[in-house]
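The values are calculated or read from the model by the stated rules, or taken from the named source; none is laboratory data. On a predicted model such as this, the values are computed, not experimentally measured, just so you know. Because the Cβ atoms are built from the backbone with ideal geometry, glycine has one as well, and the counts that use them run over all protein chains shown. Only protein heavy atoms, including side chains, enter the accessible area calculation; ligands, DNA and RNA are left aside. Shrake-Rupley method; radii C 1.70, N 1.55, O 1.52, S 1.80 Å.
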Amino acid sequence: MQGQTQQQQYNLSSVVSNRGLFTTILLNTLDINNVNQAQALLASFDQENTEQYCLLLSEELANEALGATPSREIAGQQLKNMLSAKGDAERKMKTERWMMFQQGNRKQIIDNVKLALRSTFIQTANSAAASLSAIGVIEIPANIENDIINTLLENIRLLNQAEEGLLPQIVSIGNDQNTQMQNPGMLENLIKQHKLNMKLKRASIICLRFLCEDLPVQCLTGFQDTLLTIIVSGSLNYSKAYRDDSDDDAEVEALRALLSLLPAIHERFSQPGPRQLIIPVVINPLQAFPDPDQPDYKFSHRRYCYQCLNRIAELYYPYLTEYAELLFTQTLETIQRDSSDIVPLAIELWNVIADFESSLQFRNSFPKSASEFLPVYFKDVRPSSLYQGLCEKAADQLTNLMFTILLTIPADSSLDDWNEYSAAVMLVSTLYSVVHSQDLFNKLSTFASQNLVAVSNNGSNVITTAQLDQIPAYNYRNTAIYVIGLMVMGTRSEIKNFTDAAAVIRSMGLPKTETEPWNALSENVLVRREHLLDYVKSNLHVLLKGMLEDDTLVVRNTAAWSVQWICSEFADEICPQDALSRTPQPLWELLVTSLRDGLLSGNVYVARHCSAAVKNLAKSCRKEIAKKPINFVSQMLTELYDALFKVIEEGWEGNASRVAQIATLAMEKVIQNTGAASRQFLSQKVRALLEYMVANPNQSEQTIIAELMVIRASTLRMEYSIQSHTPLLHTVIGRLTQSQSVVLQESLLSCLYVLAGFLNPVDTTLFENLIPYLTICLQSDTIPGVQNLVLEVIAMFGFLYSVRFEKFLPILIPEIFRIFNFHAANFAQSSFSMDRKVFPAVMDTLSDICVSTPKGFLGYIQQSLTITRECLKLDIPNTATLDEEKDVFTVFTSALSFTSKLFSFAQKSGRADNPFLTPSGIPLKDHVEQEEMPLFVHSLHTLAQKIMQRCAPSGEITKEARQFMFPLVGSDFLSAFIVLVTEIKDVETCTHQLNLHTDSAPIALFLNAIILPKSLRDYSTAIRNLLSYN
């Protein structure tokens, strides 16, 4: 094919009649010179006739005469891509498109793919497996083609049956030299057939795995027993008479399929039989440790076995007791003997168990009467009788083993990488949070104290003499510092859980008998925290010195990491709160000075953790600063500003740029929490920052974004002092508006939104200069985030400049309406995820403009009404998640709120043809026979109806809706309701228009369902009369 001219010669009909041409086009997708033209042709075939194109792909895939030609594999991939989807909207579109195919064509495509699944060419079979699973994900939930799973299971069963007769022959002939001499090639043919069987079985198992991953659990319920039998008994038989690499490949896929199936077999796993079937097949391969000469032997087996065990621990913790000793022995052996890629998985198994047991302790102690306030994270944890205390029994040996691992951390190691060291770090922390015995605290603190300043190999009793000779002194210091940080880390996770719930429980006044378990557990946690705080205070100076002065990089990094955690958990105690503070002032000064030096150290890891530590300190100092605006705490925090700014200016590249982000957040917190005395200082710094941005136009994008965030935060803190910097600000913004970077645009707009509130309302220069830029940003239809920010900036400028803003309305408002229409069209075409947050932004902006510039807005009322009507017509897709559903209800409430403001606006404008109180031409069917309703009333009824359908399907608002949905929509609805009934003074007219005397009216149902009628009666006499009107 040559260029565009050649591309135009072919259509779908031409390749249907010339299959060789279709094969060539598919093969050209592998040719770097022709790939673009080939892909464009395939896309044109899809546009011309998707159904015919899918049929053609399936026929290419099933054409065994093509042998191993890659076009078959490509056809399968193309077919799979035509049917599979990433998001709900795309899945819905592709499902509907597939279901519109003729039934005969759908069946033919499925039959072709099933035929390809039995191909003797393994790449073709694998490609068919992916295609068939994509079809199954569409058809099985609709109960249209339930034969797919049965077909796969039957394929595997027949292959297993064939192997039962084949393997003894291979073994027998392999041991019989005479037969081999009499029948040369016979053994080779049998082995070849065995390999083919295993490859075909692997293809079917791959398809089953895809289906187990993508299908809803309920779709697999009827196949649980057969799936388990086929996958476990038929495909994970490690004691075969004959084995080769093809067996290993099939077994690995069977383990992956089992991993995907585990969430769907709750009922079966609760029975001893299936458990005793599953556990051995995921334990036995773990005993096949790598031989020094064969380090990769059964590596994939062990990897997926541990992934299965981790999933079992998450899903079926109550049944681990009977296997606890086996699991403990096996994981310890793995940690001591296996490869570095498998060890983290073995450690992670205990992390999963420890995390679950920690949650279970919290769940069990939580008073039952307060269960509806239980944090969401714990709601799925089953009750107390299931607690096994596995970590308490294993803690001592596991801790010793983790010490051994941590003492071998290489000098250039980083916790940013996932390996056995980072896994060990997490396990020590999680064990500390779940095992509340004093013994564990003593063990960890003693180890840390013994080795914190180690200068020679004089370390811990958990290390053997042979190991002591090989471990450098820095490893002891590093591990000791880690242990302190990990104890703080484990404490923080505990404390957060308890503090989130403590206030709720105290306010309920529950009887002592019910709160006793909770009180005992929380008291234990708080006492341990006090002990740890004392220990940390006594050793903080050693950690700070190690962070700055240790001669080994890994120790300095670890010390900075631990200091960050200490400032996160104990900042309130370290920051002096009053003259009688238990924390000596010198410790605070040492901490701040050390953090400043760490920020300026040039070490990216130390600078990052010091930035995070400063952020936490600044947050904790706010109480002291609020009491006494000019104090040494505020002054010392201000000193850190320059150091943080130098971190941002450093110009870190790649992953290191995260340092600038954290330093920026720290600067924001410092700015927000410094006292009034720092305003002049901040004003000077902002001016210096603006001058720097003007003088250095080629800064990195990350640095500019950080500087904009600092200006934004400083503006909020300095209030109107930004005025003195306006000329420089004009210059900076003028340059930044030329940028094509979306991230930079979003940062600039976010900064502008804050600045707009503090600019001189007389000086419109900045805004007028920004109009072209804002208009261009409004046209960024594929970047709703930018559009939303622009809308917020426009609304803010509208309030700031009011009358002067009116002359720009003819430029801006038509563009805002265009945005709404564009995204409404996309919404109708199922681009659900992208557009649902734009609608509220549009209506909120128009609503603000309506209030700020009423005279200029008069001409846009009818178009605004069209928007609110369109929004209230939106439907929530059946596939919508709870968050997506909330977003759509936000659209509804924004529409109602906007309508409410338009109603008040129209009332005040004195228009005789008020469109909100005169009939709208929209009859409310089923509620008011042959009667038209005013627009505002219709909007109230429509939203009330949608609220009741979602929140109260049976007439009473559900608990879930009351907790998550009703707070979102209820207040806006009630606000609009109050506006209406306040404006309509006549009770009888109001009741008639609202149709409250009809029991089935949506508003009446809504008002009866909510639990706020008493508070409603307090709003006004009109509402009290209305609600009591008979």
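I need the full set of residues from region 883-900 which are under 13 Å from Ser847 (Cα atoms) and of a type in the set (A, V, I, L, M), in order please. If the condition is that a residue be under 13 Å from Ser847 (Cα atoms) and of a type in the set (A, V, I, L, M), then Ala895, Leu896 are the ones that fit.
Can you give me the number of residues within region 738-783 that are part of a loop (DSSP other than H, G, I, E, B), within 19 Å of Pro697 (Cα to Cα) and among the β-branched types (Val, Ile, Thr)? Walk me through how you get there before you give the answer.
Going residue by residue through region 738-783, those that are part of a loop (DSSP other than H, G, I, E, B) are 738-741, 757-764, 779-783.
So of that shortlist, the ones also within 19 Å of Pro697 (Cα to Cα) come out as 738-741.
From what's left, among the β-branched types (Val, Ile, Thr): none.
Residues that pass the stated criteria total 0.
Residues considered: Leu345, Leu286, Leu349. Of these, the only one that is modelled with pLDDT under 85, surrounded by 20 or more Cβ atoms within 10 Å (Cβ to Cβ) and touching a Leu at 6+ places or on another chain (Cβ under 9 Å) is Leu286. Just one residue in the set Thr890, Thr845, Thr879, Thr868 is at pLDDT 75 or above, among the hydroxyl-bearing types (Ser, Thr, Tyr) and either open to solvent by 30 Å² or more (accessible area, probe 1.4 Å) or outside any helix (DSSP H, G or I) (or both); that residue is Thr890.
Exactly one residue out of Leu468, Leu510, Leu444 is at pLDDT 75 or above and open to solvent by less than 60 Å² (accessible area, probe 1.4 Å), and it is Leu444.
Just need a number here: residues in region 506-539 that are basic (Lys, Arg) and over 19 Å from Met489 (Cβ atoms).
Taking region 506-539 first, the residues basic (Lys, Arg) are 506, 512, 528-529, 537.
Checking the rest, the ones that are also over 19 Å from Met489 (Cβ atoms) come to 506, 512.
So the answer is 2.
The set of residues from region 6-51 being of a type in the set (D, E, K, R), open to solvent by 70 Å² or more (accessible area, probe 1.4 Å) and touching a residue at least 40 places away in the same chain (Cβ under 8 Å) comprises just one member, Arg19.
I want to confirm something. Restricting to region 354-379 and keeping residues that are exposed (fewer than 15 other Cβ atoms within 10 Å of the Cβ) and within 15 Å of Glu516 (Cβ to Cβ), which single residue is modelled with the lowest pLDDT?
Filtering region 354-379 for residues exposed (fewer than 15 other Cβ atoms within 10 Å of the Cβ) gives 368-369, 371-372, 376-377, 379.
This time we only want the ones that are within 15 Å of Glu516 (Cβ to Cβ), so: 368-369.
Working: Lys368: 73, Ser369: 69.
Checked region 354-379; the qualifying residue modelled with the lowest pLDDT is Ser369.
Evaluation of Leu258 against the conditions (1) open to solvent by 10 Å² or more (accessible area, probe 1.4 Å); (2) modelled with pLDDT of 85 or more; (3) under 32 Å from the mean Cα position of the chain (by Cα) shows that the sole unmet condition is (1). With respect to the conditions (1) open to solvent by 40 Å² or more (accessible area, probe 1.4 Å); (2) in a helix (DSSP H, G or I); (3) modelled with pLDDT of 85 or more, Phe570 lacks only one, and its number is (1).
A single entry from Ser119, Ser58 fulfils the requirement of being within 30 Å of Pro141 (Cβ to Cβ) and part of a loop (DSSP other than H, G, I, E, B): Ser119. Taken over region 743-762, the criterion of being farther than 14 Å from Met709 by Cβ and open to solvent by 50 Å² or more (accessible area, probe 1.4 Å) is satisfied by Asn760, Pro761, Val762.
Looking at the structure I just gave you, is Pro814 within 25 Å of Leu759 (Cα to Cα), in a helix (DSSP H, G or I), open to solvent by 10 Å² or more (accessible area, probe 1.4 Å) and modelled with pLDDT of 85 or more? Considered against the rule, which asks whether it is within 25 Å of Leu759 (Cα to Cα), in a helix (DSSP H, G or I), open to solvent by 10 Å² or more (accessible area, probe 1.4 Å) and modelled with pLDDT of 85 or more, Pro814 comes out as no.
Between Arg622, Arg582, Arg596, Arg658, which is under 27 Å from the mean Cα position of the chain (by Cα) and either open to solvent by 70 Å² or more (accessible area, probe 1.4 Å) or at pLDDT 75 or above (or both)?
Details: Arg622 fails: under 27 Å from the mean Cα position of the chain (by Cα); Arg582 fails: under 27 Å from the mean Cα position of the chain (by Cα); Arg596 fails: under 27 Å from the mean Cα position of the chain (by Cα).
Residue meeting the stated conditions: Arg658.
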